[in-house]
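Here the structure comes first, spelled out in structure tokens, and everything after it is commentary.
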Amino acid sequence: MKRVIVGLSGGVDSSVAAYLLKKQGYDVIGLFMKNWHDDSVTISNECPWLDDSNDAMLVAEKLGIPFQTVDLSKQYKERIVDYMFNEYEKGRTPNPDVLCNREIKFDVFLKIALELGADYVATGHYCRKGIIENSGKVTYQLLAGVDNNKDQSYFLCQLSQEQLSKALFPIGELTKPEVRDIANDIGLVTADKKDSQGLCFIGKVRLPEFLQQQLKPKEGLIVEIPNDLKIFNQKQPKFTSEIDKLKFLSRKVNYKIDDGKVVGKHQGAHFFTKGQRKGLAVGGTPEPLFVIDTDVEENVIYTGQGKEHPGLLKKALFVGNDELHWIREDLVLDVDVTMQVEARIRYRQPLQKATLHKIDSGLYVEFEACQSAITEGQFVAWYKNDELLGSGVIS
């Protein structure tokens with residue numbers, strides 16, 4: 001019997017994952033990760049992790065599996081929370097869920113599991129693992145979940161071959177309704193529990209409030225940039241090389257205050273992100289205002305009217321070598337080589353046709369269609385069919 005340690009989160013997905021593994025004959029242990037108890041940052045009056053840990057314990061009892069709680073709050077603060085604040089201060093928008101999987105679940109947690117004699121760790125992610133064997137060499141694949149509505153492969157886009165080799169995703173072949181049906185059939189307390197919202201493992205937290213407790217408010221200007229600003233109507237120059245074209249398509253427009261008009265004030269540019277519409281508190285425009293850029297140095301937010309504002313749309317992005325990651329190490333591109341893929345720049349975005357271009361310093365992702373709100377600090381992930389091949393931080 002192979003031993004599997006399941007990250008029981010107190011939700012329905014990980015509960016059913018544990019049940020399925022037990023049914024398949026594995027020696028299953030449930031482990032609840034406690035990732036936050038810093039009273040200096042109040043997240044909500046409720047105490048979600050206590051409720052979740054109780055639910056996880058009840059599930060383990062029901063399934064007849066051993067259960068314990070591990071406190072990973074120190075590592076979580078160092079690797080996720082501090083990183084997040086650092087990124088926001090730089091004017092980038094990190095994705096804590098992707099980081100949490102790479103740094104906590106499949107690193108810190110995985111090491112604890114291996115020390116407890118586990119062969120694998122399992123989570124309730126909606127994704128699948130494939131295995132390719134070629135002349136004695138094993139390659140692991142990260143495949144999308146069968147449920148298109150719930151596919152969570154994007155959140156695991158930073159996993160390595162080593163991490164995937166130890167991972168199991170028992171519910172990847174199921175849809176969410178099927179998972180709930182199983183939980184109801186066997187009488188699990190989590191069967192009808194709502195999916196958790198908020199930060200990975202911290203619980204019911206809204207990011208702006210969380211950030212405001214660490215990053216100091218600082219009043220600045222909100223500037224509206226007109227759609228017909230000269231730079232948007234620039235004719236595409238004649239390019240001498242493919243790289244020049246990609247540089248042009250992925251370039252960052254540097255706005256100045258006198259490019260537009262001041263329409264309001266804000267309490268800190270680092271609280272805002274590209275594409276954001278809520279929280280600006282500026283009314284009276286024919287179309288809603290969206291954030292098209294933030295300048296944390298000058299503490300200015302640049303906005304534009306409507307979803308189709310040219311300041312939101314771009315056809316290419318760049319990932320530097322130091323933030324480039326391939327799950328399929330055997331498919332790493334050499335310099336000057338291209339690859340046709342489908343890519344997404346955020347969770348739940350439908351996959352978009354794109355071409356990867358490898359250059360000396362990194363990788364360009366060129367999309368067939370314009371993308372809205374390509375945001376520095378977020379992850380781009382690329383796929384072939386339903387396999388996630390690699391990812392990178394948008395620079």
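The values are calculated or read from the model by the stated rules, or taken from the named source; none is laboratory data. From a predicted model like this one, the values you see are computed outputs, not experimental measurements. Note: ideal-geometry Cβ built from the backbone for every residue, glycine included; neighbour counts use all protein chains shown.
Step by step: first the residues of the stretch 171-216, then only those that are at pLDDT 95 or above and basic (Lys, Arg), then the one that is surrounded by the most Cβ atoms within 10 Å (Cβ to Cβ). Which residue is that?
The residue in question is 180.
Quick one: in the stretch 58-76, which of the residues that are within 29 Å of the chain's Cα centre (by Cα) and closer than 21 Å to residue 24 by Cα is surrounded by the most Cβ atoms within 10 Å (Cβ to Cβ)?
59
With the requirement that a residue be assigned to a strand (DSSP E or B) and acidic (Asp, Glu), what does the stretch 369-390 give you?
387
Residue 291 is checked against (1) more than 27 Å from the chain's Cα centre (by Cα); (2) surrounded by 15 or more Cβ atoms within 10 Å (Cβ to Cβ) and fails just one. What number does that condition carry?
(1)
Quick one: which residue in 308, 342 is within 30 Å of residue 218 (Cα to Cα) and not hydroxyl-bearing (Ser, Thr, Tyr)?
None of the other options fit; the residue is 308.
Exactly one condition in (1) within 30 Å of residue 358 (Cα to Cα); (2) modelled with pLDDT under 95; (3) of a type outside the set (S, T, N, Q) is false for residue 313; which is it?
Unmet condition: (2).
Working only within the stretch 6-26, note down all residues that are in a loop (DSSP other than H, G, I, E, B) and crowded, with 24+ Cβ neighbours inside 10 Å.
If the condition is that a residue be in a loop (DSSP other than H, G, I, E, B) and crowded, with 24+ Cβ neighbours inside 10 Å, then 8, 9, 10 are the ones that fit.
So that you can scan it fast, the table gives a plain yes or no per residue for (1) surrounded by fewer than 19 Cβ atoms within 10 Å (Cβ to Cβ); (2) among the aliphatic types (A, V, I, L, M):
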position	(1), (2)
114	yes, yes
118	no, yes
123	no, no
128	no, no
145	no, no
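Any idea which residue in the stretch 349-395 is surrounded by the most Cβ atoms within 10 Å (Cβ to Cβ), counting only those that are over 19 Å from the mean Cα position of the chain (by Cα) and within 21 Å of residue 308 (Cβ to Cβ)?
Among those residues, the one meeting the criterion is 354.
For residue 50, all conditions in the list (1) at pLDDT 90 or above; (2) part of a helix (DSSP H, G or I); (3) of a type in the set (A, V, I, L, M, F, W, C) hold save one; what is the number of the exception?
Looking at each condition in turn, residue 50 falls short on (1).
When the residues of the stretch 219-254 are filtered to those that are in a helix (DSSP H, G or I) and of a type in the set (A, V, I, L, M), which remaining residue is modelled with the lowest pLDDT?
231
Within the stretch 65-80, count every residue that is assigned to a helix (DSSP H, G or I) and either in contact with a helix residue (DSSP H, G or I) (Cβ under 8 Å, 6 or more places away or on another chain) or touching a residue at least 12 places away in the same chain (Cβ under 8 Å) (or both).
Number satisfying all stated conditions: 6.
Could you please give the count of residues in the stretch 121-140 that are in contact with a helix residue (DSSP H, G or I) (Cβ under 8 Å, 6 or more places away or on another chain) and not basic (Lys, Arg)?
Matching residues across the stretch 121-140 total 10.
Yes/no matrix, rows are residues, columns are (1) out of contact with any helix residue (DSSP H, G or I) (no Cβ under 7 Å at 6 or more places or on another chain); (2) of a type in the set (Asp, Glu); (3) assigned to a strand (DSSP E or B); (4) closer than 30 Å to residue 133 by Cα:
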position: 291; (1), (2), (3), (4): yes, no, yes, no
position: 298; (1), (2), (3), (4): yes, yes, no, no
position: 330; (1), (2), (3), (4): yes, yes, no, yes
position: 334; (1), (2), (3), (4): yes, yes, no, yes
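Which residue, of 158, 141, is crowded, with 16+ Cβ neighbours inside 10 Å and out of contact with any Asp or Glu (no Cβ under 6 Å at 6 or more places or on another chain)?
Of 158, 141, the one residue that is crowded, with 16+ Cβ neighbours inside 10 Å and out of contact with any Asp or Glu (no Cβ under 6 Å at 6 or more places or on another chain) is 158.
Name the one entry in 141, 152, 158 that is polar (S, T, N, Q), out of contact with any Gly (no Cβ under 7 Å at 6 or more places or on another chain) and at pLDDT 95 or above.
Only one candidate qualifies: 158.
Considering only residues that are in contact with a Lys or Arg (Cβ under 8 Å, 6 or more places away or on another chain) and not small (Gly, Ala, Ser), which ones fall in the stretch 55-94?
Passing the criteria: 55, 63, 65, 69, 70, 71, 72, 93.
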